[in-house]
Amino acid sequence: MKFFPRVAVVTAAILMVGLAAAQSITGVWHGHFVIDKSTLPKPANPAQAEAMKQRLKEMDAQLTKSDIKLTLNANKTFTIVGVNIPGTSGTQTSEGIYTKTGSKLTLIPKKDNGKPAVGNDAKPQVIDIVAGGKKLSLLVPNASQVKISVIFTR
């Protein structure tokens, strides 16, 4: 009879370890840009619609070339490396610390391209943890009304 309680305890322990591992955000995440086309302004005429379609095609081509890698370490530090990011040249690197509260991950940059982060580069970035922890979603801050996100997966 003592066998069944032990099996129950071992099974519960295995499940707890499995759940803890499944919810861990540490590791390497790969990001890609996603444009929410529903937020694009409505074209006033067919010529504008065609121009917008062409511009969107060009943007998609640029964004597809981008490579973003986010590394979240167990010691609550992060490194994010971006290559071919529109509006930048070369490789962009940000390093800092992160916090996790519920389904929110906040990156707090300390270094930007090897130098102390200042101004906009030092602003914390909030990332949503979505899809049961299988994806991270960062809304890209920009001046336009078009919603662009970076979606990270492992």
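At-a-glance table
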{"read-out": "Any chance Ala74 is closer than 27 Å to Lys134 by Cβ, at pLDDT 95 or above and aliphatic (A, V, I, L, M)", "value": "yes"}
{"read-out": "Condition met for Thr71 (in contact (Cβ under 8 Å) with a residue 24 or more places away in the chain and more than 30 Å from Ile97 (Cα to Cα))", "value": "no"}
{"read-out": "Flag for Leu56 being in contact (Cβ under 8 Å) with a residue 12 or more places away in the chain and within 18 Å of Phe152 (Cα to Cα)", "value": "no"}
{"read-out": "Count of residues meeting criterion [at pLDDT below 90 and either in a helix (DSSP H, G or I) or of a type in the set (Asp, Glu) (or both)] in segment 29-49", "value": "4"}
{"read-out": "Residue satisfying condition, being at pLDDT 85 or above, outside any strand (DSSP E or B) and aliphatic (A, V, I, L, M), within set Met52, Met16", "value": "Met52"}
{"read-out": "Tally of residues being open to solvent by less than 70 Å² (accessible area, probe 1.4 Å), part of a strand (DSSP E or B) and either under 19 Å from Ala74 (Cα atoms) or out of contact with any helix residue (DSSP H, G or I) (no Cβ under 9 Å at 6 or more places or on another chain) (or both) across segment 98-134", "value": "12"}
{"read-out": "Selection within segment 82-97 - open to solvent by less than 40 Å² (accessible area, probe 1.4 Å) and assigned to a strand (DSSP E or B)", "value": "Gly82, Thr93, Ser94, Gly96"}
{"read-out": "Residue count for segment 135-154, restricted to those that are assigned to a strand (DSSP E or B) and open to solvent by 60 Å² or more (accessible area, probe 1.4 Å)", "value": "3"}
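The values are calculated or read from the model by the stated rules, or taken from the named source; none is laboratory data. The structure displayed is predicted, hence computed values, not measured ones. Reconstructed Cβ throughout: ideal geometry from the backbone, glycine too, with neighbour counts over all protein chains shown. Protein only, heavy atoms only, side chains kept; ligands, DNA and RNA dropped before computing areas. Shrake-Rupley method; radii C 1.70, N 1.55, O 1.52, S 1.80 Å.
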